[in-house]
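Structure first, then comments.
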């Protein structure tokens, strides 16, 4: 349980950073930057918790994350040009891949915790992993990238979620199952990105 | 209750099919096709249940529907061209009209079950009937068709919902009230489509 | 408590009116006009209540507001041209500013009532104040205005929410805290509008 919490924290920071960059790219103002960063970071987990009817939400009981994103939005607004020169696309993709792995497995674990059937648990993993970005794209008035670019982004989350579910099923040590599945998702995402792999349409 | 369940199942299959066609029309990839089909099929009922705070959600306790939509998305992706030659616009409209009737009345029945006041119950019927399509259009980055084309789509759902509410009020036999109201919605939708009727703006 | 209810009622009517005007500007039909007015009026409070897991929703237990918006949508559709000649942009801005103040403080009060930590309570105030408009813009297929125009709209709600939180903290008389904070938000909004003030981007 402590491990799941730690995973979720890591994933939130990465998600906020990615949302932050995206909102700036859309030339949003301070309010937009904060909101989009917040939605990208917490959107997937919040949707999952609403669907599962879990309360209080993670960010409600841990207001320090909301405050942290708020301060980052305030501080980074003037520093954005410098930041974008320092942060390469490669760094964003890597951070995002780590976030995808962590979020997804945290989502599956949380769904299992709520006694969800196995296919639904795998869906909750993918939802937690990708819906921060989906909601971000909807707010930014774009067709969600993850639904149309043919890249196996959600597929990576789906495969890793099933790996975790099967490892749990066959009695693997919990911490090992968590970390190895999250790592597999991150690795798959990075490999498919590196070789620009796409699904048939 | 068994009848309501059966109605909801029928409506889900029709909804998934319509979302499936729409996502392909937007040239979405496999992930988009599955998600949009899923949202179109379950979006209206899910929104209603979140508003009414009913859990677990229908598709959570019946994972077989999620699995079915998943398999359909997998299988139909390569077969889509053939499928679109076989399936005419007329067939989509008819299937969709049946879905509208079934979903709406299932929505009203569910709201009455939760002791909602009568006008809210009629709204829940319309929400269940049309918000799958509304959420589909939002995800596809379009102004929801049902809000702007002037066709009496939601109006049909609204009229049938009130017919059901009044029949229940005046002691009609439950099964008869359900089926006749759903049929009226479907018939109204098909008639207004046939004659291309529009509301004044 | 009675005061909070009264505040919410006032804010709802103003919100519906603003959504109503906006939907007509997008040339939506009757269904769109009603839905967008409804979402603008109740969207912020509904999202807050879903996040806080409060039920039943305000508009569910008070169906008279839904009926009122329904009748207004029906009656105003033919009268829209006359109405737009009578209602100036200035009147819409003023009404909207009053709504912003009332909604936001009602949102903070409701969050405190649910024992939310202080920063989250301030966020709930802003969410209640601005997300009716955010959801309206998403449904109307636009990037939410409040995230991109650089005007300190949400900032006004944020400042007033903190004023209310601090007044409560330091033992101010509840009614006085409510009304003065709401008034400050409205006044700040009108002043920043009058002088066309914008945040740095």
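Structural remarks
- Hits in region A:133-154 (condition: under 19 Å from residue C:139 (Cα atoms), facing chain B (nearest Cβ under 9 Å) and under 15 Å from the mean Cα position of the chain (by Cα)): A:134, A:137, A:144
- Every residue from region A:84-96 that is assigned to a helix (DSSP H, G or I) and either free of Cβ contacts under 8 Å to residues at least 24 places away in the same chain or within 28 Å of residue B:65 (Cβ to Cβ) (or both): A:85, A:86, A:89, A:90, A:91
- When residue C:24 is tested against the conditions (1) touching a helix residue (DSSP H, G or I) at 6+ places or on another chain (Cβ under 9 Å); (2) facing another protein chain (nearest Cβ under 10 Å); (3) surrounded by fewer than 21 Cβ atoms within 10 Å (Cβ to Cβ), the lone failure is (3).
- Criterion (within 19 Å of the chain's Cα centre (by Cα) and more than 26 Å from residue C:54 (Cβ to Cβ)) met by exactly one of A:22, A:64: A:22
- Matching option when the condition is assigned to a helix (DSSP H, G or I) and at pLDDT 90 or above, among C:107, C:99: C:107
- Within region B:102-132, considering residues that are within 12 Å of another protein chain (Cβ to nearest Cβ) and under 17 Å from residue B:59 (Cα atoms), the one nearest to the chain's Cα centre (by Cα): B:129
- Counting the residues of region A:138-157 that are buried (at least 21 other Cβ atoms within 10 Å of the Cβ) and in a helix (DSSP H, G or I) gives 7.
- Test: residue A:31 is in a helix (DSSP H, G or I), at the interface with chain C (Cβ under 8 Å from one of its Cβ atoms) and free of Cβ contacts under 8 Å to residues at least 12 places away in the same chain: yes
- Of the residues A:52, A:10, the single one that is surrounded by fewer than 24 Cβ atoms within 10 Å (Cβ to Cβ), more than 10 Å from chain C (Cβ to nearest Cβ), within 27 Å of residue C:47 (Cα to Cα) and at pLDDT 95 or above is A:52.
- Among the residues of region A:116-132, just one is surrounded by fewer than 24 Cβ atoms within 10 Å (Cβ to Cβ) and under 15 Å from residue A:54 (Cα atoms), namely A:116.
- From A:187, A:177, residue being assigned to a helix (DSSP H, G or I), surrounded by 18 or more Cβ atoms within 10 Å (Cβ to Cβ) and either within 13 Å of chain B (Cβ to nearest Cβ) or at pLDDT 95 or above (or both): A:177
The values are calculated or read from the model by the stated rules, or taken from the named source; none is laboratory data. For clarity, every value in this text was computed on a predicted model and none was experimentally measured. Cβ coordinates were reconstructed from backbone atoms using ideal geometry, including for glycine residues, and neighbour counts include every protein chain displayed.
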